[in-house]
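Notes to accompany the following structure.
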Amino acid sequence: MILSTVRLRNFPEDEQDQFPWNLPLIKEFEELEFEQNISFFVGENGSGKSTILEAIAAYTEVPLAGSFRLEEDESLAAANSLANYLSIRFAEKTHHGFFVRAEDFIGFARNIKKEIQALDKEIEEVKATFTGGDINLTLGTIKGERDDFIKRYSRDLEAMSHGEGFLKFFMSRITGKGLYLIDEPEAALSPTRQLSLLSLIIEKVKKTGSHFIIATHSPIIMSVPNSEIFYFQEGKISKVDYKETEHYKLTKMILDNPESVMKEL
């Protein structure tokens with residue numbers, strides 16, 4: 001694992017009525033202790049799971065997979081503030097990895113497209129102005145950089161379906177051993193693509209020992225064996241078994257008897 005424990009060192013009393021300090025979860029925050037390489041944060045909307053995940057990202061300074069640096073993203077201002085009061089113990093120190101939300105993918109895809117277009121333009125400018133010598137030698141570095149982008153991400157991630165592009169992003173960016181923080185990946189992935197992502201994550205854990213912390217509502221995503229589930233509920237965080245989550249129970253009830261469930265709505 002990369003992370004061992006997460007604690008809240010102290011509390012800014014003069015900000016207790018402001019977000020995120022007014023969240024019951026923050027007021028009652030207790031230590032998170034990680035024991036597996038795949039950890040899930042689950043709970044209802046507003047329970048604080050994404051806030052904690054974002055604060056961990058800010059503290060660890062992993063790259064934000066979007067169009068901004070993490071400290072420059074206004075939507076993460078509260079997370080950056082909370083990160084200043086965290087105390088995190090590392091099992092192994094690293095800055096390798098990333099933090100990604102489903103909405104960040106669009107910004108990432110556009111940035112990659114702009115990089116490829118800029119390199120295409122540079123290649124054409126060199127061709128138009130080259131006066132002598134070996135042009136292939138001159139263009140080699142530029143073409144190599146452009147072709148590497150295309151090989152890793154394709155020429156236009158935006159042209160793919162959202163799910164295809166999002167999965168391509170994970171396949172390209174989950175490389176060496178690192179800390180990977182992922183917020184609700186199911187928002188962009190079909191059930192089949194969710195299983196593909198889980199297969200990739202399990203493979204990377206086995207090969208590299210990476211640590212994945214994933215906030216999710218998906219009973220598919222959180223079904224990984226030998227993982228741990230942190231349940232955020234009523235201002236508390238507790239570890240639960242997969243089949244004890246409301247996500248599993250409700251999904252199973254609907255699948256077992258959808259007609260009966262619909263009649264109760």
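The values are calculated or read from the model by the stated rules, or taken from the named source; none is laboratory data. On a predicted model such as this, the values are computed, not experimentally measured, just so you know. Backbone-built Cβ (ideal geometry, glycine too); neighbour counts: all protein chains shown.
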Q: Just one of (1) of a type outside the set (Lys, Arg); (2) assigned to a loop (DSSP other than H, G, I, E, B); (3) out of contact with any Asp or Glu (no Cβ under 7 Å at 6 or more places or on another chain); (4) surrounded by 12 or more Cβ atoms within 10 Å (Cβ to Cβ) trips up ASN10, so point out which.
A: (4)
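Here's the yes/no breakdown for (1) at pLDDT below 85; (2) in a strand (DSSP E or B); (3) of a type in the set (Gly, Ala, Ser):
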| residue | (1), (2), (3) |
| --- | --- |
| GLN36 | no, no, no |
| PHE41 | no, yes, no |
| ILE52 | no, no, no |
| ALA55 | no, no, yes |
Q) Do you know which of the residues in the stretch 64-105 that are among the aliphatic types (A, V, I, L, M) and under 20 Å from ILE174 (Cβ atoms) is modelled with the lowest pLDDT? A) LEU70
Q. Could you list, in sequence order, the residues of the stretch 127-146 that are under 18 Å from GLN117 (Cβ atoms) and over 36 Å from the mean Cα position of the chain (by Cα)?
A. LYS127, ALA128
Q) Inside the stretch 10-37, can you point out the residues that are in contact with a strand residue (DSSP E or B) (Cβ under 9 Å, 6 or more places away or on another chain) and closer than 19 Å to SER50 by Cα? A) PRO24, LEU25, ILE26, GLU28, PHE29, GLU30, GLU31, LEU32, GLU33, PHE34, ASN37
Q) What are the residues in the stretch 217-252 that are touching a residue at least 60 places away in the same chain (Cβ under 8 Å), over 21 Å from the mean Cα position of the chain (by Cα) and surrounded by fewer than 14 Cβ atoms within 10 Å (Cβ to Cβ), if any? A) GLU234
Q) With LEU255, LEU265, LEU195 as the choices, which residue is surrounded by 13 or more Cβ atoms within 10 Å (Cβ to Cβ), more than 23 Å from THR5 (Cα to Cα) and out of contact with any His (no Cβ under 7 Å at 6 or more places or on another chain)? A) LEU195
Q. List pairs: first in the stretch 172-194 and in contact (Cβ under 8 Å) with a residue 24 or more places away in the chain and over 17 Å from GLU54 (Cα atoms), second of a type in the set (Lys, Arg) and surrounded by 17 or more Cβ atoms within 10 Å (Cβ to Cβ), Cβ under 8 Å, 6+ apart or cross-chain?
A. ILE174/LYS204
